[in-house]
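Everything below concerns the one structure shown next.
The values are calculated or read from the model by the stated rules, or taken from the named source; none is laboratory data. Bear in mind the structure is a predicted one, so any value in this text is a computation, not a measurement. FYI the Cβ positions are ideal-geometry reconstructions off the backbone, even for glycines, and counts take in every protein chain you see. Accessible surface is based on the protein model in full, side chains and every heavy atom, while ligands, DNA and RNA are left aside. Shrake-Rupley method; radii C 1.70, N 1.55, O 1.52, S 1.80 Å.
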Amino acid sequence: MDCVISGGNVRVLAKAIHSLSRIGEELYVEPQKDGLALRSVNSSRSAYACFLFAPLFFSRYTIPTCQTFRCKMAIKSVQAIFRSQVSLEKTVEKCHIKLEEQKNRLTFTLHCKHGLLKTHNLSFQDSESLQAVFDKDSYGNVFRCNPRLLVDTVTHFPPSLEEVTVSVNDERMWVRNHVEEHDQGKTMLTELCLGSDEFEHFAAQNHNSITFCLKELRGFLVFAESTSLPVSMYFDEPGSPVVLCVTDSVLEGNFVLATLSDDVNHCRSNTGLANSSPPPPDDFMNDDMDSYLISMDTSIAPAPSSAGAPTPPFVAPACSKQPAVANHRARLYSEEEDEEDLGSSEGPPNKKFCSLFFGSVLPPSSQTSTQPVMTQEVLASDSEDDSEV
């Protein structure tokens, strides 16, 4: 791979990388015939983002023709290259990205004024393709507006706010902070109303409300505002993902965010798993982790009733307030995992907020659906570590 980015496009690339850093800790790089794809996903699989830069975005764009190259690397190391936006605008003339196959390095070279060169050699790991499958054109609610409208809206919410709720009807959109039922009496409620005349396009076929994380929305708006590209929002019923999109002749950005399901049973039904046992308590912090680990080790045998009902695979209860997403509307997959049967695995006890999103995003391994214990032990370990933070 050998590509050169010149002029103001260097700043656009830097903004895209900074936006992806709001999603996950790893950057997936995949050069394709139709452009360079940069992707990221968060640890709980509840948020996915992708930027596709067309060949016209680059001054020079060359990719290997005999083989497919995919890699992933720590996004902080790439972010450090483009840390100073002021320096990029004033001193950097072009950026050269080249794959050093012999050294197993991806080289970023910044050509600055007065002949100054800044070279960064970053190590990487081979990875499988990371892709979210979704059909935003099938969604009933479609909105398009200037990014400044949403930027001015989210500034009314404190940085510590985790989730927002969006409600729509034929003429208006309401944005408010999401508050738990038991906290409604002691938490200040903030709600903003946006008229349909403030949007470039306003189509609300389904009058409903969705709740999703605000952090990823802020990261998306950082890029959209810097490029002044119109923002499109697609969503349907609660539990299905909301898609945020910016499109230009040389680039396309899609952020797919999980939304909060109406109830836990809806989250379960989307995975095709039957469950007749009552749901376990909602309070994740009070779970007995020792009993939970024992039930995971003996998951092949019938589990005791106190262990709770089985839930979909790849549920990461690290964040007890992470939204859920419908598995039939969007999923992540690796190329060698398309035929894997996910329905036979058991996950951790179900919580009020499921964080199931799409499926597996990890590179393919020797694990199959006949080895549920190994997969569950990893999930149990992650959950225990996060609960101690």
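Table: residues versus (1) open to solvent by less than 10 Å² (accessible area, probe 1.4 Å); (2) closer than 19 Å to L150 by Cα; (3) in the same structural domain as F51 (by the TED database).
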{"site": "Q205", "(1), (2), (3)": "no, no, no"}
{"site": "A224", "(1), (2), (3)": "yes, yes, no"}
{"site": "S228", "(1), (2), (3)": "no, yes, no"}
{"site": "F235", "(1), (2), (3)": "yes, yes, no"}
{"site": "T247", "(1), (2), (3)": "no, yes, no"}
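For the residues K90, K94, the requirement of being over 17 Å from L122 (Cα atoms) and at pLDDT below 90 singles out K90. Residues of region 2-51 being more than 11 Å from the chain's Cα centre (by Cα) and on the phi > 0 side of the Ramachandran plot, which ones? Result: G7, G35.
For region 200-211, the count of residues that are hydroxyl-bearing (S, T, Y), within 12 Å of V166 (Cα to Cα) and either free of Cβ contacts under 8 Å to residues at least 60 places away in the same chain or not in a helix (DSSP H, G or I) (or both) is at least one.
Across region 1-36, the number of residues qualifying as farther than 26 Å from T65 by Cβ and either buried (at least 20 other Cβ atoms within 10 Å of the Cβ) or at pLDDT 90 or above (or both) comes to 15. Consider R218 carefully, then state whether it is in contact with a helix residue (DSSP H, G or I) (Cβ under 8 Å, 6 or more places away or on another chain), at pLDDT 90 or above, open to solvent by 20 Å² or more (accessible area, probe 1.4 Å) and within 19 Å of L260 (Cα to Cα). Here the answer is yes, as R218 does meet what is asked.
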